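Everything below concerns the one structure shown next.
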Amino acid sequence: MTTPHYWDKALDNSQCRFANGAGGKAKQLNSSWTVADCDDGYAYTAPVANYRPNPFNLYDMLGNTREWTADCWPGSYANAPVDGSAWLDAGGGDCKSRVVRGGSWYGGPRSLRSAFRNWFASDVAGNGLGFRLARAL
């Protein structure tokens, strides 16, 4: 069986141990939100490395913020770049909107996964929208 989250196969499969997504504290912000049945301790963003790492020993790859990418929003992924480069207007994307990936503290459990894709207008800021920084230890 394939699962959308790497923690689904862990002995303790609680989202709140692995990522900062909408949990019990977020429900206090808006009682109509769909949230995970756990409490990660934060209603908004959380400190770095506050949760368990993923199977590649990387921290904070999901949650806290949806990742705003350089990719322009495509109509489909047909003919997408395969070399890791950004999909820009010349590749058929709509650069008035940019791709965002992953979930954030602001979104429900369904969007808290690396395969989640959505778009945001390139001139709009929003809660739970940002970028990720990496550093070598």
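Points to keep in mind about this one:
- Taking first residues from segment 22-37 that are more than 10 Å from Tyr106 (Cβ to Cβ) and of a type in the set (Asp, Glu) and partners that are in a helix (DSSP H, G or I) and open to solvent by 80 Å² or more (accessible area, probe 1.4 Å), no Cβ contact under 6 Å between residues at least 6 apart in sequence or on separate chains turns up.
- Candidates Val35, Val48 - the one that is under 26 Å from Trp119 (Cβ atoms) and open to solvent by 30 Å² or more (accessible area, probe 1.4 Å): Val35
- Of the residues Pro81, Pro55, the single one that is open to solvent by 90 Å² or more (accessible area, probe 1.4 Å), at pLDDT 80 or above and not hydrophobic (A, V, I, L, M, F, W, C) is Pro55.
- Criterion: at pLDDT below 80 and assigned to a loop (DSSP other than H, G, I, E, B) - qualifying residue of Ala49, Ala26, Ala36: Ala36
- Those residues of segment 84-106 which are open to solvent by 40 Å² or more (accessible area, probe 1.4 Å) and within 21 Å of Ala36 (Cα to Cα), in sequence order: Arg101, Tyr106
The values are calculated or read from the model by the stated rules, or taken from the named source; none is laboratory data. Bear in mind the structure is a predicted one, so any value in this text is a computation, not a measurement. Counting neighbours? That spans all protein chains shown, and the Cβs are built from the backbone with ideal geometry, glycine included. For accessibility, only protein heavy atoms count, side chains too; no ligands or nucleic acids. Shrake-Rupley method; radii C 1.70, N 1.55, O 1.52, S 1.80 Å.
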